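Take a look at the structure set out below.
The values are calculated or read from the model by the stated rules, or taken from the named source; none is laboratory data. In this text the structure is predicted, and so the values were computed from the model without any measurement. Positions of Cβ are backbone-derived with ideal geometry, glycine not excepted, and every protein chain shown enters the neighbour counts. For the accessible areas, the whole protein counts, side chains as well, though only heavy atoms, and no ligand, DNA or RNA atoms are used. Shrake-Rupley method; radii C 1.70, N 1.55, O 1.52, S 1.80 Å.
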Amino acid sequence: MQNYEFTKEELAKIDKIIAKYPNPQPAVMPVLWMAQEKFGHVEPEVQQLVAKTLDLTPAHVYGVASFYTQYYKEKKGKYVLDVCTSFSCQACGAYDTLHELEEKLGIKAGETTEDGMFSIQSVECLGACGYAPMMQITNDVYVNHLTSEKLDKVIEGLKQDKLPEFEPIPLVQNREPAEEK
Amino acid sequence: MSAIDWKSYTPILIPNIKDYHKIDVYEKHGGYGGLKKILKDQTEFTPEKVTNTVKDSGLRGRGGAGFNTGLKWSFMPKPDGGPRYIAANGDESEPGTFKDRVIFEYNPHSFIEGAIIGAYAMSITTVYVYIRGEYRSWINMMQKAVDDAYEKGYLGKNILGSEFSVDMVVHSGAGAYICGEESSLMESLEGKRGYPRVKPPFPAQKGLWGRPTTINNIETFANVPHIINNGSEWYKGIGASTHAGPLLYGISGHVNRPGVYEYPSGMLITDLIHGAAQGVRGGKKVKAVIPGGSSTPPLRGDSLEGVRMDSDSLREAGSMLGTGGMCILDEDTDMVDFLWRVSHFYHHESCGQCTPCREGTGWLEKTLLKIKRGDGTVRDLDLLLDLCSQMEGRTICALADAAAWPVRYTVTRFREDFEARVKKTVYALA
Ligand SMILES: Cc1cc2nc3c(=O)[nH]c(=O)nc-3n(C[C@H](O)[C@H](O)[C@H](O)COP(=O)(O)O)c2cc1C
Ligand code: SF4
Ligand code: FES
C-alpha cells in the first residue's frame, strides 16, 4: 500500500488555508482538492490523511468526499474527459459528441482505457451552454465548440501530455463589426 | 434607458474595454470610485444610507429568486461586535446559466467593489466567495483579482486609511448543484455535506457558523458600484420598472450567435432571439424557449409575441425570469428527450434529505425514460402531473419545485409530443 503524506511545505500551506476560516473544519474541501491534485484521487487512504491532518474523523471526511462529484473516490484515467450533456448541450449535439468520443477511445462513458490514459464521463451543465458541445479535461481546461477534428486534435495532444490552450470566453456583443442582417 | 432602445445600449457589466479585468485598467475607468466616495465621507454615506440607496434602485437578485437586494441587506440585525458574513454565490450550476463566469473573466473588480460596498453597508467582517469547483481557471482569476485588491488597500485592515476593515476569501466548490441553494452553500462552506437547512432561522439571523449572513449572487454585487456612482434614480431608469437594471442574458441552444449579452431588463424575447442572437439556425421556427435556466417553465414558440424578460411579464406568460439563462429550441426538438434530460439532472442533484424530492425526482426520470423508449402510456402523463403535485411546496428547499415545474409545464404545453410517443391504451372489457 502506498504511503500518503503531505510535505512540510504543503502542511504550511494547509495552515494558511485553515487561518481563512473560524475553525479547521472548512479546510476539508480545499485540502481534499490539494490531495487530489497531488495523488490524482482521494481514495480512502487519502481521505484518512486529510482527516489526520485536519484532526477530523475519517467518517466526516468520507461524508464530504462522497457528496461532491469532482472528488475522485477511485482511480481514474490520467485525463478525465467530462462531456456536458445537460439540455442546452444536448440540444446542440452533445450526445453525438459523446458517442464519437466513446468510439474514438473504445470505451463507454464511466469507463477508463486499459492503458489508464483516458476516462470519459457524461456530466451536468458546466456553465458553458452557449459554446456547446463542450467538455472539461480533468477538472481543469474547458474545450468549447467541439467538432470531430477538434476532438482528434485534443486526444492527440493529450497522448503527448499537452493540454489544450485556455480558450477565453467568446464575447458576442459589440466586439466585432456589427453583422447586419 | 428602456429595452426598446437596446440597439444603442452600452454595456456596463461587461464593458467593451480592453483588459478591464486588470485592476489598473479598472481604476483608470473610475473603478473603486464608488467605494472611495463612501469611505471618504462616511457621515454622509452611512451604512443605512448605502443600504437604502441600493433598496431604492430596485436592484433585484440575479441568482434566480429576484428578491430586492437592499431590502435583504436591511434584514441584517444590528452589529454586536461579533463576526458577520457575506457569502457571494458563484455556484452557477443551473443548466442553461453561464453568465457569472463572464464576470470572473472580464470584470472581477466590479464584483469585488460591489461586495466590499455591501460589506460596508452591513458591517461584514469576512466575504466568502463560493465558486463552483469546475470553474478552476476562473477561481484562479478571481483569486488574482482579490490579491490585487488587497495589495492596493481595497481589502484587509483599515481600507483606504478608514476604520473599515473586511477580508475576502475565495472558496472552491467540488461539484454539487445543490450548493447554489443558499443554506446548502453555507453548510458546504462550513466543511460539510451540502444539505440545505430548514428555514427559519433565516441566514440574516443564523447563517455561517451561526452568525448573521447575507447571500447574494455574483452579478447582483457587480451592479452595486454603478448604483453608488450614479444614484438609484439613474439605475431605476434602466430597463423594466419593476425589475430595474441591466441583465446578463445567457442565450444558448439553436440560435446563430449564442453567448452572453448585456441589455436592459425587459427585453422582448423575440428581440433577443432574432436581433441579438441573429435568429434561429437554418431559419427554422422556434418550438420552445426556456427563459431562465432549466427550472423555469418552457414557453411555446407560438406564445412569445410581446413577452419580455422581466419577472412580471414572464409571470403573466406562465414562466419565470430565473437566472436569465435562456435556451432556444427549434421545431425539430423532441420535447420528450428534452424533458427526460432535465429530469435526469434534478434526480442526479437531489441531496436526498426529503422523501418527496428523492423519490419524486427518481420517478419523474424513470417515467420519462419509459415514455422516451416508447413504452409509456397516456396514464403515465397523468402520473407525471400527479408526481409534480406531490413534490411542489413539500420539501426543505426549492429543488423539488425546480424539478417539478419543467415537467408540469412541458407535459401540458407540449402534450402532442408526449402523446405521439405513448402507446394507445387498450381498455379490456371484463
Ligand atoms: C436548488 C437551487 C440552486 C440554486 N443555485 C444558485 C446558483 O447557482 N447561484 C445563485 O446565485 N443562486 C442560486 N440559487 C438561489 C440562492 O438560493 C439565493 O437565492 C441567491 O444566491 C441569492 O442571491 P440574489 O438575491 O443576489 O439572487 C439556487 C437556489 C436553489 C433552490
Ligand atoms: S428538496 Fe431535494 S435537494 Fe432540497 S433539501 Fe430536500 S431532498 Fe435535498
Ligand atoms: S448545458 Fe452544457 S454547459 Fe450548460
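Take every Cα pair under 8 Å in chain A that's 6+ residues apart, average their separations, divide by the length, and report that relative contact order as a whole percent.
Averaging sequence separation for qualifying contacts and normalising by length gives 16 percent for chain A.
Sequentially through segment B:245-251, phi angles give Karplus couplings (6.51, -1.76, 1.60; θ = phi - 60°) of x, x, 10, 8, 9, x, 10 Hz, Gly and Pro residues having no value and appearing as x. 3J(HN,Hα) along segment A:155-165: 5, 4, x, 5, 4, 9, 6, 10, 6, x, 5 Hz, from the Karplus curve 6.51 cos²θ - 1.76 cosθ + 1.60 with θ = phi - 60°, whole Hz, x for Gly and Pro. Each residue was assigned an accessible area with a 1.4 Å probe, and for A:THR57 the value is about 80 Å². The solvent-accessible area of B:PHE418, taken with every protein chain present and a 1.4 Å probe, is close to 0 Å².
Computed from point charges on the beta carbon alone (+1 for Lys and Arg, -1 for Asp and Glu), the dipole magnitude for the protein assembly as shown about its Cα centre is near 980 Debye. Hey, rough spin-label estimate for A:THR57 and B:SER123, points 7 angstrom out along Cα→Cβ, what's it come to in nanometres? It is 3.8 nm.
GNM on chain B, C-alpha springs below 10 Å: top fluctuator among B:LYS37, B:LYS284, B:LYS78? Among B:LYS37, B:LYS284, B:LYS78, the largest mean-square fluctuation in the Gaussian network model of chain B belongs to B:LYS78.
Near B:LYS372, once Lys and Arg are set to +1 and Asp and Glu to -1 for all other residues with Cβ below 14 Å from its Cβ, the sum equals -1. Model label points for B:LEU71 and A:LYS8, set 7 angstrom from Cα along the Cα-to-Cβ axis, are 5.8 nm apart.
Solvent-accessible surface of segment B:173-285, taken per residue with a 1.4 Å probe and all protein chains present: 28 Å². The calculated FRET efficiency for the pair B:GLU331 and A:LYS153, based on their C-beta separation and a Förster distance of 45 Å, comes to about 0.85.
Using only Cα coordinates, the Kirkwood hydrodynamic radius of chain B works out to 22.5 Å. The mean sequence distance of close C-alpha pairs (under 8 Å, at least 6 residues apart), as a share of the length of chain B, puts its relative contact order at 16 percent. Both radii are taken from the alpha-carbon atoms of chain A; with Rh as the Kirkwood radius, Rg/Rh is 1.05. Legend: residues A:TYR72, B:TYR177, sorted from most to least accessible area (1.4 Å probe; ligands, DNA and RNA excluded), read B:TYR177, A:TYR72.
Protein heavy-atom surface of segment B:281-404, 1.4 angstrom probe: 47% of the accessible area is carbon and sulfur, with nucleic acids and ligands not counted.
Pairs with C-alpha atoms separated by more than 27 Å, drawn from the list A:LYS38/B:LYS206; B:LYS78/B:LYS199; B:LYS99/B:LYS370; A:LYS13/A:LYS78; A:LYS76/B:LYS99; B:LYS36/B:LYS236, are A:LYS38/B:LYS206; B:LYS99/B:LYS370; A:LYS76/B:LYS99.
Taking chain B as a Gaussian network of alpha-carbon nodes connected by springs under 10 Å, the highest mean-square fluctuation of the residues B:ASN107, B:ASN230, B:ASN68 belongs to B:ASN230. With coordinates expressed along the principal axes, the C-alpha atoms belonging to segment A:79-159 extend over 33, 21, 21 Å, beginning with the largest. For B:TYR85, the amide hydrogen comes within under 5 Å of the amide hydrogens of B:THR125, B:THR213, B:THR214, counting only partners 5 or more places away or on other chains and with H modelled in the peptide plane. One equal scatterer on each Cα of the protein assembly as shown, no solvent, Debye formula: the resulting log10 I(q)/I(0) at q = 0.09, 0.11, 0.12 Å⁻¹ is -0.71, -1.09, -1.31. Once the chain from B:SER165 to B:ARG257 is taken as fully extended at 0.36 nm per residue, the excess over their C-alpha distance is 28.7 nm. Between A:THR53, A:THR147, A:THR69, the GNM of chain A built on Cα springs shorter than 10 angstrom shows A:THR69 fluctuating the most. With protein chains left intact and a 1.4 Å probe, residues in segment A:8-67 average 48 Å² of accessible area per residue. Inter-part distance, segment A:57-72 to segment B:160-219, computed on C-alpha centroids, equals 20 Å.
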